[in-house]
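Engineer: Here you go, one structure.
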Amino acid sequence: MLVNILFYAFALVLLASAIGVIGSKNPVHSALCLVLTFFTAAAIWLLAQAEFLAIVLVLVYVGAVMVLFLFVVMMLDIDIEKIRSGFTRHFWLGIAVAIVLFLEIVGVVVARGLGANVDMKSGMAPVGAADSNATELGTALYTKYVYPFELAAVLLLVAIIAAIVLTMRQRKGLKVQDIGAQVATRREDRLRILQMPAEKKE
Amino acid sequence: MTFTTNEIWLALPEIYLTTALCVVLLFDLFFATKNPGRTATLTLLVLVVGAVLASRQVIADRQVILGGMYVADRLSSLLKTGAFLFTAMALFYSRDYLARRGIQKGEYYVLSLTALLGVLVLASAANMVTLYVGVELLSLSLYALVAFDRDSGVAAEAAMKYFVLGAIASGTLLYGMSILYGMTGTLDLGALTARLGDSPGLGFTLAIAFIVSAIAFKFGAVPFHMWVPDVYQGAPTASAMMVATVPKLASFAMAFRFLAEGLMAQTPQWSQMLAILATVSVIAGNLIAIAQTSLLRMLAYSAIANVGFILFGFVAGSGAGFSSALYYTIAYVLMTLAAFAIVLISSRDGCEATELDHFKGLHQRDPLLAGAMAAVMFSTAGVPPFVGFWAKLQIIQALLASGHLTLALIAVVASVVGAFYYLRVVWLMYFEAPAEQPPLGKAPGMRLVLAINALAVLALGIMPEQLLALCRQVIPGG
């Protein structure tokens, strides 16, 4: 009973803040509403006993992605009027997309398999109340999936190397200070003493 | 889930390569900042040792280890040895070129090694997750290699096209995999066939269409070939060589592990789709190649046509078909390496010999290069006694044996059409007067390896039995 009440409360907040995301005139308000949406979604996942997903949602989306997003929104000078000008023009297109999405969701909920008679639950064991998502995921990642997990680490290494090699570069002719060379320089490198006959005053 | 050390050692090539690439990365940082040539030498050493390790691995029969993620069999051993060896050749050929173009940095070698790791992972993939990670490892490294020359606009454009299209292909692959997972509840390639049952229905057709498209993209088959000519032409030629050669082994492994092993019982469904793609590739590739004035674009369309042949091997669908596709892939990679090596040797400061006109009268200027190029062109055209002839013959025999008479005829006719543009290169080299061009670079080491490479194309053609037998042995039922 309590769970139901909590669920409906969070769901209401979620819907309200989601409407706030698209309804708000100020992009900063939209972003903050999105943060609230994520928080309530995380709460609902907690109710569904998906605590790991809930924590990750808060950490990754709220903690990292949305903060970054807020920075971008605040730093860029976004012309709101220009963005909103297409709203009425594309209204019907938006409605059509929404209907299609809704039908797809209904399809997913109603459909039972894609033609094959396979019981989706066959490979999944029920977990006890004492088991935690994080433990289960960790166990799976470091035993059965350890090989792809390690490979994914190499994949990140590739991304780092590629990003650095493609963006860091020294343009030719760039006048960068080489402090080591400056300090190590000697008098002979910079100063040349010429012997010249003194000029006579005319 | 417990691991024994016996199991782990089956994955020695991957473990070795991952360790080695970290060593190369650190070595480059600390000992080769002034002289990137050292990193190149170390990388070549790493690759040669890797080839020895992979070839000496004794794998009696197929073993699936690491929680069902990794398969070690004789095919994976052969593919890995080949991948190590061919990468070593490609990097050896590219060394002078990279230095001349000012892009010889340690990262080039590290990214080549990660691409190679992707190839190894694909060669041993027994699970859809592993397969996908392997594809991404290979593709991401290749995108970066194509864009490696930051000062070149065309290279950036080629890399962008390759990246965007490649990302779509990866998405396609994932989509197909997710549908399969939804239907069967397993990511294990070995368990797919049994769980799909006899009549998988519409969902399966959808999934297989996505997966075949993704595989065709990675191969560069029509109509997913758009990136091939642009990458060949736009990328630094050394990177284009990396894209053109070793990843073909990976594409073969991907197609074999997914379609031939994972979906064996569903062969009729995917082989129909592959038959259409292969036919269109062979026809379009050979026809469009005739119209090219750039040698690299010609090689690109030739690659598309050759990929059609490899796919024909899969269409044949039996063990003989797969082993002929494997044989064709290895022969093709060997020939393409030599062709690109000649382009690399012929290029000089500020002038890349990428146009067909650059090769006019090559025989008078440089008999060795002309001879090697002639061998490669005859071989790719399928003229006996070169290795390309046997490769084409195997494919056509496999097609005939499986009752695909029409496809075999198309393959023969397309080869005859294709012979025109291969032989045109030979004509240009031997019977046209050379244009005013300075002498070609010496590069004695490269020339030696190129000569061995070209001789291998000839020798494997004169004595085809051993490689053929090897390809038959490593594929069950071949």
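Engineer: Sorted from fewest to most neighbouring beta carbons within 10 Å, what does the list B:I290, B:I65, B:I276 look like?
Structural biologist: Ordered by Cβ neighbours within 10 Å, fewest first: B:I290, B:I276, B:I65.
Engineer: Please give the average number of partner chain Cβ atoms lying within 10 Å of the Cβ of each residue in B:183-190, rounded to a whole number.
Structural biologist: 4
Engineer: Which three lengths, in whole Å and largest first, does the protein assembly as shown cover when its Cα atoms are put on their principal axes?
Structural biologist: Between the extreme Cα coordinates on each principal axis of the protein assembly as shown lie 103, 91, 60 Å.
Engineer: Taking the Cβ of each residue in B:V121, B:V474, B:V425 as the centre, tally the other Cβ atoms inside 10 Å and list the residues starting with the fewest.
Structural biologist: By the 10 Å Cβ count, ascending, the order reads B:V474, B:V425, B:V121.
Engineer: Throw me the Rg/Rh for region B:297-431, computed over C-alpha atoms with Kirkwood Rh, two decimals.
Structural biologist: A ratio of 1.03.
Engineer: As an exercise, use a Förster radius of 51 Å and the Cβ-Cβ distance of A:T139 and A:H29 to find the FRET efficiency, rounded to the nearest 0.05.
Structural biologist: Efficiency computed from Cβ-Cβ geometry: 0.75.
Engineer: Another question, then. By how many nm would the segment from A:T88 to A:K201 lengthen if fully extended, with 0.36 nm per residue of separation less the alpha-carbon distance?
Structural biologist: Between A:T88 and A:K201, full extension yields 31.9 nm more.
Engineer: Based on the Cα gyration tensor of region A:1-78, what are the three equivalent ellipsoid semi-axes, each the root of five times an eigenvalue, rounded to whole Å and given largest first?
Structural biologist: Gyration-tensor ellipsoid for region A:1-78: 26, 16, 5 Å.
Engineer: Related question: Using a Förster radius of 56 Å, what is the FRET efficiency between A:A50 and B:S294 based on their Cβ-Cβ separation? Nearest 0.05, please.
Structural biologist: 0.50
Engineer: Hey, another quick one. May I ask you to order B:411-422, B:173-184, A:57-68, B:300-311 by the average number of other C-beta atoms within 10 Å around their residues, highest value first?
Structural biologist: So the peptides B:411-422, B:173-184, A:57-68, B:300-311, ranked by packing, come out B:300-311, B:173-184, B:411-422, A:57-68.
Engineer: At 7 Å along Cα-to-Cβ for each site, give me the label-to-label distance between B:D198 and B:Q364 in nm.
Structural biologist: If labels sit at B:D198 and B:Q364, their model points lie 7.2 nm apart.
Engineer: Something else now. Which whole-Hz couplings ³J(HN,Hα) result when phi for each residue of region B:89-100 is put into the Karplus expression 6.51 cos²θ - 1.76 cosθ + 1.60, θ = phi - 60°, listed in order with x for Gly and Pro?
Structural biologist: These are the phi-based 3J(HN,Hα) values: 4, 4, 5, 5, 5, 7, 3, 5, 4, 4, 4, 5 Hz.
Engineer: Given a Förster radius of 56 Å and the C-beta distance between A:I19 and A:V176 as r, what FRET efficiency does 1/(1 + (r/R0)^6) yield to the nearest 0.05?
Structural biologist: Computed FRET efficiency for A:I19 and A:V176: 0.60.
Engineer: Over chain B, consider all pairs of different Cα atoms and compute the Kirkwood hydrodynamic radius from their mean reciprocal separation; express it in Å, one decimal.
Structural biologist: Kirkwood hydrodynamic radius for chain B: 22.3 Å.
Engineer: Enumerate the calculated ³J(HN,Hα) couplings along region B:123-136 in order (Karplus 6.51 cos²θ - 1.76 cosθ + 1.60, θ = phi - 60°), each rounded to whole Hz, writing x wherever the residue is Gly or Pro.
Structural biologist: 5, 10, 6, 10, 9, 5, 5, 4, 4, 5, 4, x, 4, 5
Engineer: Given the -39500 (n - 2.57) contribution per DSSP H run of 4+ residues, what per-residue ellipticity at 222 nm results for the protein assembly as shown, rounded to the nearest 500 deg cm²/dmol?
Structural biologist: -23500 deg cm²/dmol
Engineer: Still on this structure, please answer the following. What is the mean number of Cβ atoms from other protein chains located within 10 Å of the Cβ atom of each residue in peptide A:140-149, rounded to a whole number?
Structural biologist: Neighbouring Cβ atoms belonging to other protein chains average 6 per residue here.
Engineer: Long-range amide H contacts for B:Y70: which residues qualify at under 5 Å (H placed 1.01 Å from N, peptide plane, sequence gap of 5 or more or a different chain)?
Structural biologist: B:I65, B:A126
Engineer: What's the exposure ranking of B:F217, A:F91, B:F322, B:F163, going from fewest to most Cβ atoms within 10 Å?
Structural biologist: Fewest to most other Cβ atoms nearby, the residues stand as A:F91, B:F163, B:F217, B:F322.
Engineer: Taking amide H positions as placed in the peptide plane 1.01 Å from N, state which residues far from B:E355 in sequence (5 or more) or on other chains have amide H under 5 Å from it.
Structural biologist: Those qualifying (amide H under 5 Å, at least 5 residues apart or on another chain) are B:L295.
Engineer: What length, rounded to one decimal in nm, is gained on full extension from B:R348 through to B:Q397, with 0.36 nm per residue of separation minus their alpha-carbon distance?
Structural biologist: Here the answer is 13.3 nm.
Engineer: Still on this structure, please answer the following. Which cross-chain or sequence-distant (5 or more) residues have an amide H under 5 Å from the amide H of B:G382, H modelled 1.01 Å from N in plane?
Structural biologist: B:F389
Engineer: Rounded, prolate or oblate for region B:260-320? Axes are the square roots of the Cα gyration tensor eigenvalues, ordered a ≥ b ≥ c, and the cut-off for rounded is a/c under 1.5.
Structural biologist: Because a/c hits 1.5 or more and a/b exceeds b/c, region B:260-320 counts as prolate.
Engineer: Separate question: Along the positive direction of the dipole of chain B (beta-carbon charges: Lys, Arg +1; Asp, Glu -1; about the Cα centre), which of B:V121, B:Q57, B:S76 reaches farthest?
Structural biologist: Value computed over the given set: B:Q57.
Engineer: Still on this structure, please answer the following. Modelled label-to-label distance, A:L103 and B:R62, 7 Å Cα→beta-carbon offset: nm?
Structural biologist: With each label point 7 Å from Cα toward Cβ, the separation is 4.3 nm.
Engineer: Quickly work out the A:V67-to-B:A451 label distance, labels modelled 7 Å from Cα along the C-beta direction, and quote it in nm with one decimal.
Structural biologist: Here the modelled spin labels are 6.4 nm apart.
Engineer: Give a residue-ordered list of calculated ³J(HN,Hα) values for region B:262-272 (Karplus: 6.51 cos²θ - 1.76 cosθ + 1.60, θ = phi - 60°; whole Hz; x for Gly, Pro).
Structural biologist: x, 10, 4, 6, 9, 3, x, 4, 7, 6, 4
Engineer: Run the paramagnetic zone check for A:M74: 7 angstrom along Cα to Cβ, then residues of region A:1-32 with backbone nitrogen under 19 Å.
Structural biologist: Flagged as within label range: A:25-32.
Engineer: Right, something else. Return the average number of partner chain Cβ atoms within 10 angstrom of each residue Cβ along peptide B:138-146.
Structural biologist: 3
Engineer: Separate question: Students often get this wrong: which residues of region B:279-305 have the backbone nitrogen under 20 Å from the point 7 angstrom along Cα-to-C-beta of B:V416?
Structural biologist: From region B:279-305, the list is B:279-291, B:305.
Only the coordinates and a few stated rules stand behind these numbers; no lab work does. The structure displayed is predicted, hence computed values, not measured ones. Glycine gets a Cβ as well: all are built from the backbone with ideal geometry, and neighbour counts include every protein chain shown.
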